[in-house]
Amino acid sequence: MAKIALPPLPYAYNALEPWIDEQTMHLHHDKHHQTYLDNLLKAITGTEFENVTPEKLLGDLGTVPEKIRGVVRNHGGGFVNHALFWEVMGPKAGGAPAGDLAKAIDGAFGSFDSFKEKFSAAAAGQFGSGWAWLVVKGDGSLAVYNLPNQDSPLSSGDTPVLGLDVWEHAYYLKYQNRRAEYIGNWWNVVNWAKVAELYKAAKK
Ligand SMILES: [Fe+2]
């Protein structure tokens, strides 16, 4: 059996209140995230891929046999994307990045405000389910884009350092159809220290 476990939330379920409610965090982490992991494990257990990390599988989907490629892409992607999502949020967070990350954002997008605008537009403009991403590209530059479903930036050779889940399961209980309000409030829980750490690691 592949040894992959669901990472616990790195804070309490109610820690992101009032921006993200406790009930949503329970369902999102304990049910949705768990299901992605369960389905990934079902697909890879007993195959030569059971000890390959999901990140590696997503980074080289072409090597995954066609009969399990869709599950790896969707559920492996769901597992990896959500693991990142919990990490890049936190209580007493928000504000703006500092240091090298702040400089890189200013350099790539003009200013932090322009970056926020571009990222928010990517999140709002994702038709149906998907994510907005801030990624580090192979040449070390930053980029923002959206991807449908649970597609991972890793599958395009990019390293995600910030992701925003805009599947309805991420916000519907509290915000119903008001995705823009969810996106606007979500900036209050972004853990920029963690994003800076991921940026530093990706630049290496
Ligand atoms: Fe989600």
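A few comments on the model shown:
- Test: Leu173 is surrounded by fewer than 18 Cβ atoms within 10 Å (Cβ to Cβ) and within 16 Å of the ligand (Cβ to nearest atom): yes
- Residues located in the range 21-57, provided they are within 16 Å of the ligand (Cβ to nearest atom) and touching a Gly at 6+ places or on another chain (Cβ under 9 Å): His32, His33, Thr35, Tyr36, Leu37, Asn39, Leu40, Pro54
- Helices (runs of 4 or more DSSP H) fully within the range 15-93 counting 1 or more residues that are polar (S, T, N, Q) and either under 23 Å from Val135 (Cβ atoms) or modelled with pLDDT under 95 (or both): 77-87
- Failed criterion for Ala121 (all others in (1) among the aliphatic types (A, V, I, L, M); (2) more than 16 Å from the ligand (Cβ to nearest atom); (3) buried (at least 17 other Cβ atoms within 10 Å of the Cβ) hold): (3)
- Checked against the criterion of being farther than 29 Å from Val71 by Cβ, without any contact (Cβ under 8 Å) to a residue 60 or more places away in the chain and surrounded by 14 or more Cβ atoms within 10 Å (Cβ to Cβ), the range 154-167 contains not a single residue that satisfies it.
Table: residues versus (1) among the small types (Gly, Ala, Ser); (2) surrounded by 22 or more Cβ atoms within 10 Å (Cβ to Cβ); (3) closer than 25 Å to Thr45 by Cα; (4) within 18 Å of the chain's Cα centre (by Cα).
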site	(1), (2), (3), (4)
Val72	no, yes, yes, yes
Gly78	yes, yes, yes, yes
Met89	no, yes, no, yes
Lys92	no, no, no, no
Ala104	yes, no, no, no
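- Residue count for the range 126-170 satisfying the condition of being within 16 Å of the ligand (Cβ to nearest atom), among the aliphatic types (A, V, I, L, M) and outside any strand (DSSP E or B): 2.
- Boolean, Trp192 is closer than 23 Å to Glu55 by Cβ, touching a residue at least 24 places away in the same chain (Cβ under 8 Å), within 16 Å of the ligand (Cβ to nearest atom) and among the aromatic types (Phe, Trp, Tyr): no
- Residue in the range 61-68 that is surrounded by 13 or more Cβ atoms within 10 Å (Cβ to Cβ) and either out of contact with any helix residue (DSSP H, G or I) (no Cβ under 6 Å at 6 or more places or on another chain) or basic (Lys, Arg) (or both) present: no
The values are calculated or read from the model by the stated rules, or taken from the named source; none is laboratory data. Note that the structure is a prediction, hence the values are computed from the model and not measured. Here Cβ is always computed from backbone atoms with ideal geometry, including for glycine, and neighbour counts include all displayed protein chains.
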